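**Student:** Sending over a structure as structure tokens; questions will come in a sec.
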Amino acid sequence: MSHNSFGHLFRVTTWGESHGPAIGCVVDGCPPGLALAEADIQPFLDRRRPGQSRYVTQRQEADAVRILSGVYEGRTTGTPIALHIDNQDQRSKDYSQIAQSYRPGHADIAYDWKYGIRDPRGGGRSSAPETAMRVAAGAIARLVLGAVQVRGALVQIGADRIDRAAWDWAAVEENPFFCPDRAAATRWEALLGEVRKSGSSVGAVVEVQADGVPVGLGAPIYAKLDADIAAALMGINAVKGVEIGDGFAAAALSGEANADEMRMRGDGTVEFLANHAGGVLGGISTGQPIIARMAVKPTSSILTPRQAVTRAGQDTDILTRGRHDPCVGIRAVPVAEAMLACVLADHLLRHRAQNPDAPSLGRLPREFGA
């Protein structure tokens, strides 16, 4: 199986399966001299880790990361950084009854069509445990980004959206949903309680933001920053849609409403009066906050019998037992943050390599300056 890597100068390759002995990744292209220890990575993994509330899968994994290479005396050496996590709580027998059947909504049948073989235990390579390594790589990417702040939140579960007027980043760490609206978080407790009891699932929308991004990241054609962000978020398990800035809502706006007007500040920098573009114009960062959202489908593993087929070509009904998230979008928040951080780190290194003398943040080139 190919295509297990992403990024160019900051490149991440992941390996391992849901029910294999371990999962891991290699981060190549990290600059040397950055302070890095396992304790810098583990807090981000802990935010994604399963079993932390009754609203997520009860699989118990410590997700304890080990650094195997690329660090000497607490500093990155510029060589590949290998990271490793042991799987500890596999229950492969939960999948024995469906090993010869294709679960609706899962990648089972597509995998078999493409490769002629698949690992039925938890979905193998396509299962959510693989995302732990993306989160680990994202922790390293944040070191490359320095002062750039990458944050995420859950802004919708099912049909219930947050009140954006009540947005408070401090609230995100106060509830098990990464929700910035305390009232919505209270509603979601009741909602997901009912969903979990019924053995069903619901979808969600995750929003990620990056503040302090330098101007000039990306390129106008085949390396658009927003295109790479969209691809990274779309590559997360169960994601079925991505939008940047106003996204699909921009289709309902007029040209006057959608255009982000500008004025000059007294210090010679440019001030945008809105951010409908989500921090990217023509594929290049503007220095405004990068804003992206992704739609996460309902978990396909549910207890309600669904119509399916077997590998032998017979009709069957199937239900998926085991430990599953009633809303996989909850634990997708740290993953989305990590993927955004990795894309920005990669583009930052690309920008420095091509254009080390670029204008400072938000300042016009000298010949066009006021």
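**Student:** Cα axis of helix 131-145 to longest principal axis of the chain: angle in degrees, 0 to 90, nearest 10?
**Tutor:** The two axes meet at around 10 degrees.
**Student:** While we're here: Report the longest stretch of the chain that contains none of the GluC sites (Glu not before Pro) sitting in a DSSP loop with at most 11 other Cβ atoms within 10 Å.
**Tutor:** So the longest stretch without any such site is 262-370.
**Student:** Let me have the 222 nm mean residue ellipticity of the chain computed from DSSP H runs of 4+ only, each contributing -39500 (n - 2.57), with the sum over all residues rounded to the nearest 500.
**Tutor:** Calculated at 222 nm, the ellipticity per residue is -7500 deg cm²/dmol.
**Student:** Also, I was wondering about something else. Out of the total accessible area of the chain (probe 1.4 Å, heavy atoms of protein only), what percent is carbon and sulfur?
**Tutor:** Reported share for carbon and sulfur atoms: 53 percent.
**Student:** Give me the extension gain from R161 to A147: residue separation times 0.36 nm, minus the current Cα-Cα distance, reported in nm with one decimal.
**Tutor:** 2.0 nm
**Student:** Give me the distance in nm between label points sitting 7 Å out from Cα along the Cα-to-Cβ direction at D46 and I221, one decimal.
**Tutor:** Label at D46, label at I221, 4.8 nm between them.
**Student:** Of H276, H3, H84, H347, which has the most accessible area with a 1.4 Å probe, and how do the rest follow in descending order?
**Tutor:** My answer, sorted largest first, is H3, H276, H84, H347.
**Student:** If you roll a 1.4 Å probe over the heavy atoms of the protein chains, what accessible area per residue do you get for the chain, in Å²?
**Tutor:** Per-residue accessible area for the chain comes out at 48 Å².
**Student:** Continuing with the same structure: Once you place label points 7 Å from the Cα toward the Cβ at R66 and N275, how far apart are they in nm?
**Tutor:** The modelled label-to-label distance comes out at 4.1 nm.
**Student:** May I pose another question? Using alpha-carbon pairs under 8 Å, 6+ residues apart, how would you state the relative contact order of the chain in percent?
**Tutor:** After rounding, I find 22 percent.
**Student:** Moving on. Once you've got the GNM for the chain with C-alpha springs shorter than 10 Å, pick whichever of A35, A232, A139 has the biggest mean-square fluctuation.
**Tutor:** The residue that fluctuates most here is A35.
**Student:** Next up: Using DSSP to call loops (not H, G, I, E or B), can you name the trypsin sites (Lys or Arg not before Pro) in region 260-332 whose Cβ has at most 16 other Cβ atoms within 10 angstrom?
**Tutor:** Passing both the DSSP loop test and the Cβ count: R265, R311, R321, R323.
**Student:** Given labels modelled 7 Å from the Cα in the Cβ direction, how far is it in nm from N355 to D112?
**Tutor:** 5.0
**Student:** Something else about it: Efficiency by 1/(1 + (r/R0)^6): what FRET value for A312 and K197, r their Cβ-Cβ distance, R0 = 35 Å, to the nearest 0.05?
**Tutor:** 0.50
**Student:** Of F272, P32, T186, whose Cα points farthest to the positive end of the dipole of the chain (charges on the beta-carbon: +1 Lys, Arg; -1 Asp, Glu; origin at the Cα centre)?
**Tutor:** After comparing all options, I get T186.
The values are calculated or read from the model by the stated rules, or taken from the named source; none is laboratory data. Predicted model, so just to flag it, every value in this text is computed and none were measured. Positions of Cβ are backbone-derived with ideal geometry, glycine not excepted, and every protein chain shown enters the neighbour counts. Surface areas here come from the heavy atoms of the whole protein model, side chains and all, with no ligands, DNA or RNA. Shrake-Rupley method; radii C 1.70, N 1.55, O 1.52, S 1.80 Å.
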